[in-house]
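*Asks:* Handing you this structure, nothing more for now.
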Amino acid sequence: MEFFLLAIIALCSGIIGALVGLGGGVILVPATLFIGLSLGFIPDLTPQSVVGLSVIMMIFTGLSSTLSYMKSKTVDYKSGLIFFIGSIPGTMFGAWVNQFLDLPSFNLYFGILLIVLSTLLLVRDKLKPVNWFVENGTKKQYIDSSGKEYIYGYPIWFAILLTFVVGFASGLFGIGGGSMIVPAMLLLFRFPPHVAVATSMFLVFLSSLVNSASHIALGNVPWIYTIPIIIGAYVGAKIGASLNKKMKSETLIFALRIILLLLGIRSIIDGLF
């Protein structure tokens, strides 16, 4: 029963993660904590082992969706590698800090983060892109399939500093980092939306390799549960990347805002009470 539940959770996480560039951890972690621990279906899990499962899942979510986006030529490899440089030490530090969190503390801090991410997604469309980072950084050009031209860019030093923070949260909570880097890429660096999503998933794949190595070394990965997670996530990411090319994701992003908000409130309540 627990293997079936984990496969379904991973499938949904992979679809949503690849579709909007979030990596899937923001769905898998709270869903597994709730179903596995709060409802008691998988009582032998801990916050650390759930994060361990999440980072293993994101290797295959990131790989599957990156391979799909490579075909549509929307991955900015150079930017992804620059962002990866900043995320490496942040990811390792976050994984180390994770071992000191008990379940109430994890729920409280994770709930706060989910509400912050929900708010970012909520106000994303109402905020105007910041031009300073593009004007004072390395500029890039992208022309989409409809012929629309985008000029985007960033100062490399700021991108590395930002992705260190993103990497820390990724290592601490197992969320992949896409949920934070995508809004930053859109609002601060003015990335074209499809390039932001594809490059985010490339970054998720690279950073999850370091992230998973850190959590494996700390003994946080329950290997018996990785098989349904890997299968569900890989298939889900293929579906999500395919949907990304065919549909507008605004409806899903709206639903995701509400889901993250509700999960965040519940997580905070679990942490406090």
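The values are calculated or read from the model by the stated rules, or taken from the named source; none is laboratory data. On a predicted model such as this, the values are computed, not experimentally measured, just so you know. In this analysis, Cβ positions are derived from the backbone assuming ideal geometry, glycine residues included, and neighbour counts consider all displayed protein chains.
*Asks:* Quick one: which residue in V195, V204 is buried (at least 19 other Cβ atoms within 10 Å of the Cβ) and at pLDDT below 90?
*Replies:* V204 is the lone residue from the list that is buried (at least 19 other Cβ atoms within 10 Å of the Cβ) and at pLDDT below 90.
*Asks:* Hey, another quick one. With the stretch 95-209 as the region, which helices (runs of 4 or more DSSP H) entirely inside it contain at least 2 residues that are under 18 Å from S13 (Cβ atoms)?
*Replies:* Of the helices (runs of 4 or more DSSP H) lying wholly inside the stretch 95-209, those with at least 2 residues that are under 18 Å from S13 (Cβ atoms) span 103-123, 156-173, 178-187.
*Asks:* Would you point out the residue of the stretch 76-99, among those that are among the β-branched types (V, I, T) and farther than 12 Å from A159 by Cα, that is surrounded by the fewest Cβ atoms within 10 Å (Cβ to Cβ)?
*Replies:* Looking at residues that are among the β-branched types (V, I, T) and farther than 12 Å from A159 by Cα, I get V97.
One line per residue, one yes/no per condition, for (1) surrounded by 20 or more Cβ atoms within 10 Å (Cβ to Cβ); (2) in contact with a Pro (Cβ under 9 Å, 6 or more places away or on another chain); (3) at pLDDT 90 or above; (4) polar (S, T, N, Q):
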{"site": "F34", "(1), (2), (3), (4)": "no, no, no, no"}
{"site": "V51", "(1), (2), (3), (4)": "yes, no, yes, no"}
{"site": "V55", "(1), (2), (3), (4)": "yes, no, yes, no"}
{"site": "S64", "(1), (2), (3), (4)": "yes, no, no, yes"}
{"site": "Y69", "(1), (2), (3), (4)": "yes, no, no, no"}
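*Asks:* When the stretch 130-161 is examined, which residues are found to be surrounded by fewer than 14 Cβ atoms within 10 Å (Cβ to Cβ), within 16 Å of F191 (Cβ to Cβ) and not polar (S, T, N, Q)?
*Replies:* V130, W132, E135, K139, I143, D144, K148, E149, I151
*Asks:* Aliphatic (A, V, I, L, M) and either in contact with a His (Cβ under 6 Å, 6 or more places away or on another chain) or within 25 Å of N211 (Cα to Cα) (or both): is that true of I151 in this structure?
*Replies:* No.
*Asks:* Now, a different point. Restricting to the stretch 90-101, name every residue that is more than 17 Å from the chain's Cα centre (by Cα) and not polar (S, T, N, Q).
*Replies:* If the condition is that a residue be more than 17 Å from the chain's Cα centre (by Cα) and not polar (S, T, N, Q), then F93, W96, V97, F100, L101 are the ones that fit.
*Asks:* Further question on the same structure: Suppose we filter the stretch 22-36 for residues that are closer than 10 Å to V50 by Cβ and of a type in the set (V, I, T); how many remain?
*Replies:* The qualifying residues number 2.
*Asks:* While we're here: Which condition does T226 not pass, out of (1) surrounded by fewer than 23 Cβ atoms within 10 Å (Cβ to Cβ); (2) assigned to a helix (DSSP H, G or I); (3) free of Cβ contacts under 8 Å to residues at least 40 places away in the same chain, if it passes all the others?
*Replies:* T226 satisfies every listed condition except (3).
*Asks:* Mind listing whichever residues of the stretch 92-114 are modelled with pLDDT of 90 or more and in contact with a Leu (Cβ under 6 Å, 6 or more places away or on another chain)?
*Replies:* G94, V97
*Asks:* Continuing with this model, one more query. When both residues are 6+ apart or on different chains and their Cβ atoms are under 6 Å apart, which pairs have a first residue that lies in the stretch 93-109 and is under 12 Å from T46 (Cα atoms), and a second that is among the charged types (D, E, K, R)?
*Replies:* Listed pairs, sorted by first residue: N107/D270.
*Asks:* Tell me whether the stretch 17-32 contains one or more residues that are touching a Pro at 6+ places or on another chain (Cβ under 8 Å) and buried (at least 22 other Cβ atoms within 10 Å of the Cβ).
*Replies:* no
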